[in-house]
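The values are calculated or read from the model by the stated rules, or taken from the named source; none is laboratory data. Quick caveat, the model's predicted, so the values are computed rather than measured. When we count neighbours, we look across all protein chains shown, and the Cβ atoms used for this are built from the backbone with ideal geometry, even at glycine. These accessible areas exclude ligands, DNA and RNA; they are computed on the full protein's heavy atoms, side chains included. Shrake-Rupley method; radii C 1.70, N 1.55, O 1.52, S 1.80 Å.
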Amino acid sequence: MTFKLSCLVFPIFMFITIVQADVFDITKYGAKPDAEISKALSDAWAAACSAQQPSQLLIPKGRFCLNVIEFKGPCKAPIEVKIDGTVIGPEDPIVIPKGAQWITFSYVTGLKVTGSGTVDGVGGAMSWPTDDPITTVEKGSPLQYNLCFNFVKDSSVTGITSKDSKNFHVNLMTCTNVTFDDFHVSAPKESPNTVGIHIGWSKNINVKNSVIETGDDCVSTGDGCEDVHIEGVKCGPGRGISVGGLGRNKGEKPVAGVFVKNCTFSGTENGVWIKTWPHSHSGDASDIHFEDLTMDKVDNPIIIEQDYCPHIECKKNEPSQVKVHNVFIKNVKGTSNSPEVVKLRCSSANSGCENVQISDINLTYDGPSGPAIQECQNVKPVYAGELVPPGCAAA
Ligand SMILES: *[C@@H]1O[C@H](CO)[C@@H](O)[C@H](O)[C@H]1NC(C)=O
Ligand SMILES: *[C@@H]1O[C@H](CO)[C@@H](O)[C@H](O)[C@H]1NC(C)=O
Ligand SMILES: *[C@@H]1O[C@H](CO)[C@@H](O)[C@H](O)[C@H]1NC(C)=O
């Protein structure tokens, strides 16, 4: 009995010694509430990142102002950045040095961003012009993202909120195995370009159990992405969960493996959305799964839009050269604001969309322009299960 007990106690002590991280509290590095903390934050990061054992960089409860930070790795050991406070960015984008984003994590492996705090990008009158946000970029003051992840691997982001970004809330570039869980995005419906999470050139990215309320796409998956899983996300307001826009640039890499499952869309412009530019460069999107989705008053619940062309001139009648194939849409229910509850506007190039399978749809529309229909261009979907409204008649 004594022997057994000591066996039990010993590993527990071992465990505690191993996982206890050294805490690097920014207030020990000179950070003061309501003051600008970039120096303190970068000093605390340098110390934490060079620690030989697991470390925690702590932004405690309180309000802190931050002009800019790059959390650059590689670090010597796994590192946690715990944000319990509210971190407030500069209102004027010009304050952030040219070429920098507001908060950047780069070249870190084994990063955990945790806490119950908020990063507030202070988007607003200075960064959300009602006319054309591009103009601001051309004036030499690009609008910055709240959180950038570049070359980040085996990492997670949980608990925190991204608020009122000037531009995208989160941008992932060249990342592998990153999970967002219990992540929150909050910006007004009217805020332009405030994509919740944009994923580009990345592999094995997971977004789950998160609430995204913003002015642009809740999650968007750009070219070069593989194995993206979006599950248990509540989207709205916003413009939906998207793949694309693809084909705008030369040499874009394929998108392969996007799984959107168990998500809810409330009052969004789109639900699930594949968008490619007309008159485009070549590209490829395949192995896309939209499953177990609930739509609540969504303008376009299911939409493939191969002539996507927002706010610039383009040759709408020239077909998109992006190939869309192997798309599986299953168990989507709820209400639509438009009668075309399923819009498949595929390109006439590349023999249209191939292998689109649709099963168990129940989408209702009760407005004046009814009845609800499914619309198909350059695609012959394979149907199964119960379909309300019925699928497109065989052409
Ligand atoms: C992915 O990252 C998590 C940490 O977030 C890690 O525990 C897991 O082992 C990684 N998976 C692979 C396949 O490397
Ligand atoms: C679906 O997502 C919600 C969060 O929106 C989560 O609470 C629920 O457990 C998920 N259901 C399944 C079956 O995964
Ligand atoms: C479709 O949804 C409506 C409204 O929720 C419901 O009344 C109807 O029974 C459903 N139809 C099928 C075939 O599931």
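Listed conditions (1) open to solvent by 50 Å² or more (accessible area, probe 1.4 Å); (2) of a type in the set (D, E, K, R); (3) at pLDDT 95 or above are all met by residue 313, apart from (3).
For the stretch 97-107, the criterion of being at pLDDT below 95 and not small (Gly, Ala, Ser) is satisfied by at least one residue.
A quick yes/no check of all residues on (1) within 19 Å of residue 146 (Cβ to Cβ); (2) within 16 Å of ligand 1 (Cβ to nearest atom); (3) not aliphatic (A, V, I, L, M):
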{"site": "211", "(1), (2), (3)": "yes, no, no"}
{"site": "222", "(1), (2), (3)": "yes, no, yes"}
{"site": "236", "(1), (2), (3)": "no, no, yes"}
{"site": "257", "(1), (2), (3)": "no, yes, yes"}
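When the strands (runs of 3 or more DSSP E) confined to the stretch 163-242 are screened for residues that are among the basic types (Lys, Arg), none reaches at least 3 such residues. If only residues of the stretch 243-258 that are open to solvent by less than 60 Å² (accessible area, probe 1.4 Å) and outside any strand (DSSP E or B) are counted, the one that is farthest from ligand 3 (Cβ to nearest atom) is 252. Being part of a loop (DSSP other than H, G, I, E, B), at pLDDT 95 or above, open to solvent by less than 60 Å² (accessible area, probe 1.4 Å) and of a type outside the set (S, T, N, Q): is that true of residue 379 here? Criteria met by residue 379. Tell me whether the stretch 272-295 contains one or more residues that are under 19 Å from the mean Cα position of the chain (by Cα), open to solvent by 30 Å² or more (accessible area, probe 1.4 Å) and of a type in the set (Gly, Ala, Ser). No, every residue in the stretch 272-295 fails to be under 19 Å from the mean Cα position of the chain (by Cα), open to solvent by 30 Å² or more (accessible area, probe 1.4 Å) and of a type in the set (Gly, Ala, Ser).
Residues of the stretch 140-158 being within 14 Å of ligand 1 (Cβ to nearest atom) and either open to solvent by 10 Å² or more (accessible area, probe 1.4 Å) or touching a Leu at 6+ places or on another chain (Cβ under 7 Å) (or both), which ones? Step through it out loud before you land on a result.
Looking only at the stretch 140-158, we keep the residues that are within 14 Å of ligand 1 (Cβ to nearest atom), and these are 149, 152-158.
If the condition is that a residue be within 14 Å of ligand 1 (Cβ to nearest atom) and either open to solvent by 10 Å² or more (accessible area, probe 1.4 Å) or touching a Leu at 6+ places or on another chain (Cβ under 7 Å) (or both), then 149, 152, 153, 154, 155, 156, 158 are the ones that fit.
With respect to residue 383, determine if the residue is more than 16 Å from ligand 1 (Cβ to nearest atom), over 19 Å from residue 242 (Cα atoms) and among the aromatic types (Phe, Trp, Tyr). Spelling it out, residue 383 is indeed more than 16 Å from ligand 1 (Cβ to nearest atom), over 19 Å from residue 242 (Cα atoms) and among the aromatic types (Phe, Trp, Tyr).
When residue 204 is tested against (1) without any contact (Cβ under 8 Å) to a residue 40 or more places away in the chain; (2) open to solvent by 10 Å² or more (accessible area, probe 1.4 Å); (3) farther than 18 Å from residue 171 by Cβ, just one condition goes unmet, and that condition is (3). Can you work out which of the residues in the stretch 350-376 that are surrounded by fewer than 22 Cβ atoms within 10 Å (Cβ to Cβ) and β-branched (Val, Ile, Thr) is farthest from ligand 1 (Cβ to nearest atom)? It comes out as 373.
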